[in-house]
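Scroll down for the structure; my scribbles are underneath it.
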Amino acid sequence: MGLFAEPWLREARDHIKLVSDNTPDPKSNPVQFDKLAEAVEKAIKAALVENHGSLPRKLEHQNLVSICQATGVWDVLPPALRGLVQEVQSFRATKSLAPVQQSSAEQLQRYFVVARGLIDYMEFHVIGNDSILKRLTVT
């Protein structure tokens, strides 16, 4: 794993571990999903930091889908992981908690499984693969 990405990936895993270790409570689903969203964002930005050495300011406040599309991350994500990024972005953009509140504990756990997969994918298939990492464009 790269020098720059390691703290970002660790933090992403910590977000997932903290929330998934707790007993699911339907009232806390929005809070848990927000932590999951933070983990997804950290994992994506880990690859960008590894590629560029730092995260340019202009990428700090853009939405995740736009960041992924502008940097080339979108092109290397499998459809299921793209779907997770879109769900996270939709949750953050609308600030709508209704779909998340109505989510079952099982559905929320599925999100966490996919988020763990995203973190691993970013570490091993993007950051760990120089040919893919070099294709990302972070400026």
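The values are calculated or read from the model by the stated rules, or taken from the named source; none is laboratory data. Being a predicted model, the structure only gives us computed values, none of them experimental. Neighbour counts are summed over all protein chains in view; Cβ atoms, including those assigned to glycine, are modelled from backbone coordinates with ideal geometry.
Out of all the residues in the stretch 38-55, which are among the charged types (D, E, K, R) and within 23 Å of residue 111 (Cα to Cα)?
Residues of the stretch 38-55 among the charged types (D, E, K, R): 38, 41-42, 45, 50.
Passing the criteria: 38, 41, 42, 45.
What is the number of the single condition among (1) modelled with pLDDT of 90 or more; (2) buried (at least 23 other Cβ atoms within 10 Å of the Cβ) that residue 33 does not meet?
Only one criterion is unmet by residue 33, namely (1).
Scan the stretch 80-96 and tell me whether some residue there is over 27 Å from residue 3 (Cβ atoms), out of contact with any strand residue (DSSP E or B) (no Cβ under 9 Å at 6 or more places or on another chain), in contact (Cβ under 8 Å) with a residue 24 or more places away in the chain and part of a loop (DSSP other than H, G, I, E, B).
no
Say we look at the stretch 14-27 and pick out the residues that are surrounded by fewer than 21 Cβ atoms within 10 Å (Cβ to Cβ) and at pLDDT 65 or above; which of these is nearest to residue 111 (Cα to Cα)?
17
Quickly run through the stretch 100-114 and pick out the residues that are buried (at least 19 other Cβ atoms within 10 Å of the Cβ) and either at pLDDT 95 or above or more than 17 Å from residue 64 (Cα to Cα) (or both).
Residues satisfying the conditions are 100, 103, 108, 112.
Go through the stretch 38-79 residue by residue and tally those that are exposed (fewer than 13 other Cβ atoms within 10 Å of the Cβ) and part of a helix (DSSP H, G or I).
6
Can you name every residue in the stretch 115-139 that is modelled with pLDDT of 80 or more and exposed (fewer than 12 other Cβ atoms within 10 Å of the Cβ)?
124, 130, 131, 134, listed by residue number.
Tell me whether the stretch 106-113 contains one or more residues that are touching a helix residue (DSSP H, G or I) at 6+ places or on another chain (Cβ under 8 Å), among the polar types (S, T, N, Q), touching a residue at least 12 places away in the same chain (Cβ under 8 Å) and assigned to a loop (DSSP other than H, G, I, E, B). Steps first, answer last, please.
Let us first name the residues in the stretch 106-113 that are touching a helix residue (DSSP H, G or I) at 6+ places or on another chain (Cβ under 8 Å), namely 108-109, 111-112.
After this cut, where a residue has to be among the polar types (S, T, N, Q) as well, the list is 109.
If we keep only those that are touching a residue at least 12 places away in the same chain (Cβ under 8 Å) as well, we get 109.
This time we only want the ones that are assigned to a loop (DSSP other than H, G, I, E, B), so: none.
No.
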